[in-house]
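K.L.:
Supplied in structure tokens, the structure appears directly below.
The values are calculated or read from the model by the stated rules, or taken from the named source; none is laboratory data. Nothing here was measured: the structure is a model prediction, and the numbers come from that model. Here Cβ is always computed from backbone atoms with ideal geometry, including for glycine, and neighbour counts include all displayed protein chains. The area values use the complete protein model at the heavy-atom level, side chains included, leaving out ligands, DNA and RNA. Shrake-Rupley method; radii C 1.70, N 1.55, O 1.52, S 1.80 Å.
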Amino acid sequence: MARLLALALTVPLAVPVAAQEIRPDDQARMDQLDTATGRALRQVLAIGSDEDVVLATNALRGPAMPADPALAETLTGDWRCSMTKMGGNMAVVAYPPFRCRIEARDGVLHFDKLTGSQRTSGTIRPIDGRWIYLGSTFVQGEQPRRYDDFPAEIDTQSSETLPDVGVLEVTGEGQARLILPLPYRESILNVLVMTR
């Protein structure tokens, strides 16, 4: 069932924001976040090297802090972000750091992965104590699609531009991770580890 997402950020992000509906397929992916994490880690432990196990556990290490709308402004700015893909085609694939940015636009937090061949762009909203990410994955040279503009049915063969859904977890000062469960391509779990 589709879930209505709304945001009311405090000053200085106090601009009213229209409600946003999450696609049913993406809600199903979010509902399977813990299951996908377990499946991915099981594959890493079963067939991965010792180094793979370290990469996977480091990407997921540390408890997440509750999403506090009053602290939204502290998320804005430039970040270094390293993608770790787990499960699926390979046990683990880890990439060197890329550039990412979070900025406030019209009262909403926007996230952009700015470098690398695979990118993502979308919004971050506090929902039920978590920062929920709704965006678009796309390849360098293409334009991202607004999350609201994706059709109900997704044809994964016709485009590399696909819906992205996940949770942004702040794990400490200058430390966060964007966890993307069950992406449409390659892996079972993507974790974008963010530092600054």
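K.L.:
Bin width 10 Å, origin at 0, all Cα-Cα pairs of the stretch 74-196: what percent of pairs per bin?
P.N.:
Taking every Cα pair in the stretch 74-196, the percentages come to 13, 48, 34, 6, 0.
K.L.:
Still on this structure, please answer the following. Magnitude of the Cβ-charge dipole of the chain, K/R +1 and D/E -1, about the Cα centre, nearest 20 debye?
P.N.:
Dipole magnitude for the chain comes out near 280 debye.
K.L.:
Could you derive backbone 3J(HN,Hα) for the stretch 94-108 from the dihedral phi with the Karplus parameters 6.51, -1.76 and 1.60 (θ = phi - 60°), listing whole Hz in sequence and x where the residue is Gly or Pro?
P.N.:
10, 10, x, x, 10, 9, 10, 8, 10, 9, 8, 9, 6, x, 10
K.L.:
Over all distinct alpha-carbon pairs, what is the Kirkwood Rh of the stretch 140-189 in angstrom?
P.N.:
Evaluated over the stretch 140-189, this radius sits at 13.0 Å.
K.L.:
Just the number, please: carbon plus sulfur as a percent of the accessible area of the stretch 56-163, 1.4 Å probe, no ligands or DNA/RNA counted.
P.N.:
Of all accessible area on the stretch 56-163, carbon and sulfur atoms account for 49 percent.
K.L.:
Something else: If we sort 183-192, 23-32 on the protection proxy, mean other Cβ atoms within 10 Å, highest first, what's the order?
P.N.:
183-192, 23-32
K.L.:
A further question follows. Where the centre of each part is set by its Cα atoms, how far does the stretch 132-171 sit from the stretch 102-116, in angstrom?
P.N.:
Spelled out, the Cα-based centre of one part sits 14 Å from the other.
K.L.:
Label-point separation (nm) for Gln175 and Thr115, each offset 7 Å from Cα along Cα-to-Cβ?
P.N.:
2.3 nm
K.L.:
Subtracting the Cα-Cα distance from 0.36 nm times the residue separation, let me have the gained length for Met90 to Arg61 in nm, one decimal. Could you put the intermediate results ahead of the total?
P.N.:
Values: separation 29, 0.36 × 29 = 10.44 nm, distance 2.06 nm.
The span from Met90 to Arg61 would gain 8.4 nm if fully extended.
K.L.:
Continuing with this model, one more query. Do the sum for the chain: with -39,500 (n - 2.57) for every DSSP H run of n ≥ 4, divided by all residues, what is the mean residue ellipticity at 222 nm, to the nearest 500 deg cm²/dmol?
P.N.:
-5500 deg cm²/dmol
K.L.:
Could I ask something else about it? Could you calculate the FRET efficiency of Arg105 with Glu160 from 1/(1 + (r/R0)^6), where r is the beta carbon distance between them and R0 is 25 Å, rounded to 0.05?
P.N.:
Numbers: r = 24 Å, r/R0 = 0.98.
After rounding, the FRET efficiency stands at 0.55.
K.L.:
Whole number in Å², please: accessible area per residue of the stretch 8-155, 1.4 Å probe, ligands, DNA and RNA not counted.
P.N.:
54 Å²
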